[in-house]
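See below for the structure under consideration.
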Amino acid sequence: MLNKPVLVESLIVFVIVLFVHAVVWDRYSWCAVALAIQAFYVQFKWDRLLQLGGAVFQFRTAANSGLLPASMVIPLLGIVMKERCKAAGIVYFERFGIVVASTGMLVALFLSVIAVGVTKPVPTNTCILTGVAGSIIIYTMKHSLTVSEVIEVLEVLLIFVYLSMILLYLLPRCFTPGEALLVLGGISFVLNQLIKRSLNVIEGRGDPIDFFLLVAVVGVVLLGLFFTVLFLFMDSGTWISSLFFHMMTAVLGLGVVMPWLYRLIQRNPLFWLLQFLFQTQTRVYLLVYWTFLAASACGVVFYQNAKRASESKKHQASTITRKYFHFIVVATYVPGLIYDRQLLYVAAVLCLAVFIFLEYIRYFRIKPFGQTLRHLLSLFLDERDSGPLILTHIYLLLGMSLPVWLFPRSCAPKGTLSGAGALVPYSGVLAVGVGDTIASVFGSTMGEIKWPGTKKTFEGTMTAIFAQIIAVALILIFDSSVNLNSSYAWILASVSLVSLLEAYTTQIDNLLLPLYLQIMFMA
């Protein structure tokens, strides 16, 4: 029996795909539509495998596979990036967009083939659809990509295969198949880009903040893999292991990551970072303000834990309490987007590295703070944190930061895109910081009419749409660089579709919603 919420979620994704390709229809649109149709069918095979326990790895059980919404994100991002850079006349990034789209399609197709291959009996109709979609995608790639671009796409696919086998085995129940596709596909692409740029370093070529992002992401992932394998053979909770952890972190950071970054930016990374952070008075003010907000967030954590200690019954943070952090993040990102986006870019990278490093300390019980972090953060767990890692706060940071990191600066002549594209860096603020927060708060306190088959309410969704429209009006008032050029109907349609997706998806909305809103704005 088909799951009605999954059908509605799939319908919303199909509408988004058709909306995007109504604007940017070309040969890649046929590939995207074929991929969406086959992902829709394969998604139900994945759901059946998860229900019967027939999947190769252990996935998060409180959600469906999420294959269709996840499969379309990277291809659509590549397609809209290609169109924006083509309009700006930037050939290099136009080709880059084509590579991104092709990589996303091939990785999604690979995940579909796995599901079809392990399903017994073999689903004939789904196999035919997958074969047709694969043929269309490969034929288009053959006539669109150069030999070097084909090799690059295959490199990312190979990295994705190996990362999937390693991380899904080491981190059971942390992802759904769709979330694994997004997270591991993104890491695979970043790793391949870092290797490619490291082998072809040209002095003065490339923005140092882009290199900083690539090295930071790959550095923390490799650090985690190293210690995960190491602590399979030794107890991580002892003082000797903890001392070794800190020493090896310093060795890998100073002996591998720093020289790697030095090779890319051709200057001392620490001196460059300090000079960058304190370059202007505005940046100093922003850093002081962000430090205050970080202290406020820590204060919320300590207060809620003190409240738990004073109560005899088991205390768990409510939905409204968890949304405090959304309000703090909005207060963090909006001034950065208005006054200094480059500083926000670098600060978000630093914050991501710190979050992941603290999660390593918590997960491995590294002394002296590992057990304390386990106790403090256990208060804020929800059903999405069913695996050994706590990822919701990292997903929140990623959801707010990805539109800033993925904004095609080189294809924006004056630092901003025209029309709805001017709101691209604000996609995380609107979708997660405003929309998701308001929907949760109003839906849980005032909502009465539930969307069929879900716990989300009609009142919450409508309030979220209204709040995001108000937020867009405020952005227009306070950010003089934003010029929407009468694209208000498209903005309303984009916000409404993403808000409906929030009501029906069981995937990590902090990660999925900003990416879809960014795709709609860039189209």
**Study point:** List 340, 235, ordered by accessible area with a 1.4 Å probe, largest first
**Key:** 235, 340
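Per residue of the chain, what 222 nm ellipticity follows from adding -39500 (n - 2.57) for every DSSP H run with n ≥ 4, rounded to the nearest 500?
On the way: 20 runs with 375 residues, N = 523.
Using -39500 (n - 2.57) per qualifying helix, the result is -24500 deg cm²/dmol.
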Point to revise | Rg/Rh for region 120-203, where both radii come from Cα atoms and Rh is the Kirkwood radius | key: 1.06
Practice item. Measure off 7 Å from each Cα along the Cα-to-Cβ vector at residue 158 and residue 51, then give the distance between these two points in nanometres to one decimal. Key: 3.9 nm
**Study point:** Residue-by-residue Karplus 3J(HN,Hα) for region 93-108, coefficients 6.51, -1.76, 1.60, Hz, glycine and proline x
**Key:** 7, 5, 5, 4, x, 5, 5, 4, 4, 5, 5, x, 5, 5, 5, 5
Review point. Can you work out ³J(HN,Hα) from phi for every residue in region 360-369, in order, using Karplus 6.51 cos²θ - 1.76 cosθ + 1.60 and θ = phi - 60°, giving whole Hz and x for Gly and Pro?
Key: 4, 4, 5, 5, 8, 6, 6, 6, x, 10
Check your understanding: residue 19 versus residue 281, label points 7 Å from Cα toward the beta carbon: distance in nm?
Key -> 4.3 nm
Check your understanding: Taking the chain as the region of interest, what is the percent of Cα-Cα pairs per 20 angstrom bin, listed from the shortest bin to the one with the maximum distance?
Key -> 21, 59, 19, 0
Study note, to complete from the structure: For residue 143, the accessible surface traced by a 1.4 Å probe with all protein chains present amounts, in square angstrom to the nearest 10, to 100 Å²
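Cross-link list 196/323; 4/142; 82/142; 82/455; 82/323: which exceed 28 angstrom alpha carbon to alpha carbon? Don't skip to the answer; put the middle values down first.
On the way: 196/323 40 Å; 4/142 38 Å; 82/142 18 Å; 82/455 38 Å; 82/323 36 Å.
Flagged as over cut-off: 196/323; 4/142; 82/455; 82/323.
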Practice item. Enter the accessible area of residue 246 (Å², nearest 10), with the probe set to 1.4 Å and all protein chains included. Key: 80 Å²
Check your understanding: What residues have an amide H closer than 5 Å to that of residue 450, excluding those fewer than 5 places away on the same chain, when H is modeled at 1.01 Å from N in the peptide plane?
Key -> 458
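Using a 1.4 angstrom probe, figure out how much accessible area the chain has per residue, in square angstrom, rounded to the nearest whole. Don't skip to the answer; put the middle values down first.
On the way: 23450 Å² over 523 residues.
That works out to 45 Å² per residue.
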Exercise for review: Select from region 342-397 those chymotrypsin sites (Phe, Trp or Tyr not before Pro) which occupy a DSSP coil region and have at most 16 other Cβ atoms within 10 Å, ordered by residue number.
Suggested key: 369
Review point. How large, in Å, is region 1-205 by the Kirkwood hydrodynamic radius built from its alpha-carbon pairs?
Key: 17.6 Å
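Quick check: residue separation of residue 297 and residue 350 times 0.36 nm, minus the Cα distance between them. What number comes out in nm?
Between residue 297 and residue 350, full extension yields an extra 17.4 nm.
Under a Cβ-only charge scheme (Lys and Arg +1, Asp and Glu -1), can you give me the dipole magnitude of the chain about the Cα centre, in debye to the nearest 20? Please list the in-between numbers first.
Working: 35 positive and 25 negative charges, 106 e Å.
The calculated dipole for the chain is roughly 500 debye.
Rounded to the nearest percent, how much of the accessible area of the chain (1.4 Å probe, protein heavy atoms only) is carbon and sulfur? Before the final figure, lay out each step's value.
Details: 16300 of 23450 Å².
After summing per-atom areas, the C and S share lands at 69 percent.
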Point to revise | Around residue 102: net Lys/Arg minus Asp/Glu count, Cβ-Cβ under 14 Å | key: -1
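The values are calculated or read from the model by the stated rules, or taken from the named source; none is laboratory data. Please read these numbers as outputs of a predicted model, since none were measured by experiment. Because the Cβ atoms are built from the backbone with ideal geometry, glycine has one as well, and the counts that use them run over all protein chains shown. Only protein heavy atoms, including side chains, enter the accessible area calculation; ligands, DNA and RNA are left aside. Shrake-Rupley method; radii C 1.70, N 1.55, O 1.52, S 1.80 Å.
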